[in-house]
Amino acid sequence: MIDFSSARRGLLVGAMLAGLFIGAFIPAVGKAAGPWHIELHFLAFALVGSVLTACLWRLHWYWHGIIIVVIPVIHEICEIWGHHHGLEVMDIIIDIGGGLTGVIAWYAMKKFTAKY
């Protein structure tokens with residue numbers, strides 16, 4: 001496991017979330033995805049889930065799950081204001097699925113690499 005200091009972990013999580021939420025206010029970001037919109041939502045939040053879990057690894061697993069459910073909801077609210085569209089429940093479901101996949105992937109990687 002990479003050993004980051006607390007300040008670096010906080011900076012990494014903060015920068016990642018800042019980029020995610022700033023992008024929610026820029027309509028061109030959503031339009032640039034084109035036909036890959038769903039896949040990029042899933043991949044982005046899988047990355048969020050794995051980075052968040054890696055950086056905040058001392059939290060209990062259920063906190064990772066709670067955070068990964070809350071972040072997509074807040075992100076979608078920001079998109080409603082930034083992109084001026086209605087609530088996209090499917091995006092929230094995809095984002096939560098991607099985030100939980102990232103969390104589970106990190107825990108699986110930790111479990112399987114701990115042996116070596």
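The values are calculated or read from the model by the stated rules, or taken from the named source; none is laboratory data. In this text, all values refer to a predicted model and were calculated from it rather than measured experimentally. Here the Cβ positions follow ideal geometry from the backbone for every residue, glycine too, while neighbour counts run over all protein chains shown. Only protein heavy atoms, including side chains, enter the accessible area calculation; ligands, DNA and RNA are left aside. Shrake-Rupley method; radii C 1.70, N 1.55, O 1.52, S 1.80 Å.
A protection proxy built from the mean count of other Cβ atoms within 10 Å ranks the segments 8-15, 95-102, most packed first, as 95-102, 8-15. Annotation: per residue accessible area for the chain equals 64 Å², rounded to a whole number [probe 1.4 Å, protein chains only]. When a/c is below 1.5 the answer is rounded, else prolate if a/b is larger than b/c, else oblate, so apply that to the stretch 37-97 with a ≥ b ≥ c taken from the square roots of the Cα gyration tensor eigenvalues. Cα axes put the stretch 37-97 in the prolate bin.
What FRET efficiency, computed as 1/(1 + (r/R0)^6) with R0 = 22 Å and r the Cβ-Cβ distance, is obtained for I22 and L87, rounded to the nearest 0.05?
Efficiency computed from Cβ-Cβ geometry: 0.60.
Relative to the longest principal axis of the chain, what angle (0 to 90°, nearest 10) does the C-alpha long axis of helix 89-113 take? Orientation of helix 89-113: about 20 degrees from the principal axis. Principal axis extents of the C-alpha atoms in the chain (largest first, rounded to whole Å): 48, 26, 24.
The angle between the Cα long axis of helix 37-55 and the main principal axis of the chain comes to about 30°, on a 0 to 90 degree scale.
Going by alpha carbons, how many degrees (0 to 90, nearest 10) lie between the helix axis of 6-24 and the longest principal axis of the chain? Orientation of helix 6-24: about 20 degrees from the principal axis. Surface composition of the stretch 9-88: carbon and sulfur make up 79 percent of the accessible area, probe 1.4 Å.
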